[in-house]
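> I'd like to ask you about the structure that follows.
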Amino acid sequence: MSHESQKTSAPWPKRLIRLAVLGYFVLFALLVVATGFLRGFFTPPASQPIAFPHTVHADKLGLACDFCHSGVEQEASAGAPALSLCLSCHNSIATDRPEIKKLLEYERRGEPVRWERLHALPSFIHFTHQRHIQAKLTCDACHGAVEQMAEVRRVRSLDMGWCVSCHREKGASRDCATCHK
Amino acid sequence: MLPEIQNHLVLLKWLLIVLIALVCPLLALMLGGTTASLASIGITRRTGQKDSPAWVNALLKRANPSAQHDTLVVLTVIASLLLFKIIYRPQLFSNLAWAGLIWMLATGLGLMVACRYRLTGRGLLDRAALAEGGIGVALVTVSYFALACTESLLLTPEYWPRMAGLPYLFLSWHGLARFAEFILLTGAITGNALLFSSPAQRPPEADLPPDGGAHRIGAWLALGSLFLWPVVLCLDMALIPALAASRLLSGLAVLSILLAASGVVWLAMYLQRRQGQFTHLFIGIVLLLFWCWAFMGHVAREKILIPATLAGLAPKPKPDTAKPQPDAAKPQPDAVARGTVDGKSLFEQKCTVCHSFDQRVVGPPLNDVVPNYSAQPAELKSFLQNPVKRNPDYPAMPNLGLTAEQAEAIAGYLLQQVSP
């Protein structure tokens, strides 16, 4: 009897080892997926309420960046254009297109367009566009070739190492208080 | 010549993937096979034995078959590096840095092959040959570490123009993780070579032969490498720049863990039964793991290195130039043909969306406003370059960033059109 029970219980350690090995690989597979979720690999890029084509406005028409982002030279934030600026042209241009109809609908409802912010910095960072434009930095140094993007995406990490490397290269201040509030 | 080649980027990228998929397993086998053989010979010398096990000789021959094989690997590496420069960034590193890397790799591989010929020809305990092999292994390892860091650096294009001032960026944590992955893959492929390439091929039913434990060493080397794979891979995924990551990359990472798990299962079955069923299956798993890893690198590069990302990174000849002038760098076809700026084509491209000569569109009819400038063409040119709101009934005209030459051409065309 005892011999029989020994025979039946023998595979258990092996089964446990197999389960442990399986669990080990499954655990790491889950960890990879979790890392992806935590770092936003699975989050689709934020889509804008209106598909604004920079390829048309900045490339084909050649509008200067500060025509729409008027705060770029004088303020901390470059700013998104007011609805009225869009409508100054689009009250009469391409009014039959679906995206322009959306724009006109915003006007009818008296609502501002809530653009998704792609270049958000942490709240403890003090960044001003004004200082960077004054330092003769071109827009594409931080934003890439926006005029080539049908839908704008972030192309720089905006992390501290990146900022510091540029400050070092340009001889700008690297004092903590320059950027940190 | 370079811009012409860059017109075939998709083809070049596929060629690069194929070259990497070919060269990485070969390089790993050369490195791992030589290292394992040298380690075994070192142990043999320490224990006072006169001859190393026969499998060492076989492994050395398999890892470094010939000088021609070595030349082929070096040429493939050179071609891959050249493709990296053409596809992604010609000015990433100086030619001197690339040449130094290639020299180090070629010398290391050459020393490894020379060591193999001397050891297999004159006897396994030749001290000079051992030193030669050791230096070769060290050189190849260092050059691969540099290559892994370079590959990681590609994923942070924003640092490239600053490379000259920041050599320490060359060493990146993500590059270290990729290097560790390569070492683990080297362990897996060397273990595979030890398992199935030693002269100890024997019938399945036989016990382990007296092969100096090559099978056991190979099995444990491969097992250890595959077990450590998920750990290093997690580190890679945690360190990779977020802008280079994607769902596909995560999917490939999970796939590689599944491949490693299936390799472990196969090895466990092999060790338990001591027979080599479906030998090719394990070789296939290791090669698939290699290709999955190489493809992960490609997916990460493709996610981040789009032309729009690379714009603004090239060193600018005059850093104090003001805002970008999109059309200044893009002369019109007609203008190029005649060597002048064509006012008519510029007008059609830039102005007709808002202006017509005889009716209101967004702006006023040009026939009403342009004649005001008939006597002052310079003022019209100035207005085109720096428009200001004049009429409250119309929206402000945007600044189109016209150059002086373009503004002059458009002004000339407008005045010509409205003149009686």
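> Within the stretch B:215-246, count every residue that is within 20 Å of A:Arg154 (Cα to Cα) and small (Gly, Ala, Ser).
5
> Still on this structure, I have one more. Considering B:Leu169, B:Leu154, B:Leu147, which residue is within 24 Å of A:Leu158 (Cα to Cα), modelled with pLDDT of 80 or more and in the same structural domain as B:Arg301 (by TED's automatic domain parsing)?
Testing whether each residue is within 24 Å of A:Leu158 (Cα to Cα), modelled with pLDDT of 80 or more and in the same structural domain as B:Arg301 (by TED's automatic domain parsing) leaves just B:Leu154.
> Next up: Could you check A:Arg18 against (1) charged (D, E, K, R); (2) open to solvent by 70 Å² or more (accessible area, probe 1.4 Å); (3) within 22 Å of the chain's Cα centre (by Cα) and say which number it fails?
So the condition that A:Arg18 fails would be (3).
> Having 3 or more residues that are under 24 Å from A:Ala58 (Cβ atoms), of a type in the set (Ser, Thr, Tyr) and open to solvent by less than 30 Å² (accessible area, probe 1.4 Å) is the bar; report the helices (runs of 4 or more DSSP H) wholly within the stretch B:348-420 that clear it.
Output list is empty.
> State which residue is least open to solvent (accessible area, probe 1.4 Å) when the search covers only the stretch B:111-159 and only residues that are under 16 Å from B:Leu59 (Cα atoms) and of a type in the set (Lys, Arg).
Top of the filtered list is B:Arg116.
> Give A:Thr35, A:Thr55, A:Thr95 a once-over and let me know the one that is within 14 Å of chain B (Cβ to nearest Cβ), among the polar types (S, T, N, Q) and either crowded, with 18+ Cβ neighbours inside 10 Å or in contact with a Ser or Thr (Cβ under 6 Å, 6 or more places away or on another chain) (or both).
A:Thr35
> Next question. For the stretch B:230-248, give me each residue that is facing chain A (nearest Cβ under 7 Å) and closer than 13 Å to B:Lys303 by Cα.
Within the stretch B:230-248, B:Pro241, B:Ala242, B:Leu243, B:Ala245, B:Ser246, B:Arg247 meet the criteria.
> Residues to consider are B:Arg247, B:Arg274, B:Arg216; find the one that is open to solvent by 10 Å² or more (accessible area, probe 1.4 Å) and modelled with pLDDT of 90 or more.
On inspection, the qualifying residue turns out to be B:Arg247.
> Going by the conditions given, is A:Leu118 of a type outside the set (Phe, Trp, Tyr), outside any helix (DSSP H, G or I) and within 22 Å of A:Pro45 (Cα to Cα)?
Against the criterion (of a type outside the set (Phe, Trp, Tyr), outside any helix (DSSP H, G or I) and within 22 Å of A:Pro45 (Cα to Cα)), A:Leu118 qualifies.
> Only residues that are over 16 Å from B:Pro25 (Cβ atoms) and touching a residue at least 12 places away in the same chain (Cβ under 8 Å): list them for the stretch B:67-78, please.
Correct list: B:Ala67, B:Ile78.
> Condition (residue is more than 25 Å from A:Glu75 (Cβ to Cβ), within 14 Å of another protein chain (Cβ to nearest Cβ), touching a residue at least 24 places away in the same chain (Cβ under 8 Å) and assigned to a loop (DSSP other than H, G, I, E, B)) applied to the stretch A:132-150: is it met by at least one residue?
yes
> Given the criteria more than 19 Å from A:His57 (Cα to Cα) and without any contact (Cβ under 8 Å) to a residue 60 or more places away in the chain, does A:Arg114 qualify?
No.
> Tell me whether the stretch A:72-82 contains one or more residues that are within 13 Å of chain B (Cβ to nearest Cβ), in contact with a Gly (Cβ under 9 Å, 6 or more places away or on another chain), at pLDDT below 90 and part of a helix (DSSP H, G or I).
yes
> Please enumerate the residues belonging to the stretch B:347-386 that are of a type in the set (Gly, Ala, Ser) and free of Cβ contacts under 8 Å to residues at least 40 places away in the same chain.
Passing the criteria: B:Ser356, B:Gly363, B:Ala375, B:Ala378, B:Ser382.
> List pairs: first residue in the stretch B:293-310 and at negative phi and within 8 Å of another protein chain (Cβ to nearest Cβ), second residue in a helix (DSSP H, G or I) and β-branched (Val, Ile, Thr) anywhere in the structure, Cβ distance under 9 angstrom, at least six positions apart or on different chains.
B:Ala308/A:Val146
> Of the residues that sit in the stretch A:160-181 and are open to solvent by less than 70 Å² (accessible area, probe 1.4 Å) and facing another protein chain (nearest Cβ under 9 Å), which one is nearest to the chain's Cα centre (by Cα)?
If we take residues in the stretch A:160-181 being open to solvent by less than 70 Å² (accessible area, probe 1.4 Å) and facing another protein chain (nearest Cβ under 9 Å), then A:Trp162 is nearest to the chain's Cα centre (by Cα).
The values are calculated or read from the model by the stated rules, or taken from the named source; none is laboratory data. Computed from a predicted model, the values in this text were never measured in an experiment. All Cβ positions, glycine included, derive from the backbone under ideal geometry; neighbour counts span all protein chains shown. The protein model used for the area step is the full one, side chains on, heavy atoms only, and it has no ligands, DNA or RNA in it. Shrake-Rupley method; radii C 1.70, N 1.55, O 1.52, S 1.80 Å.
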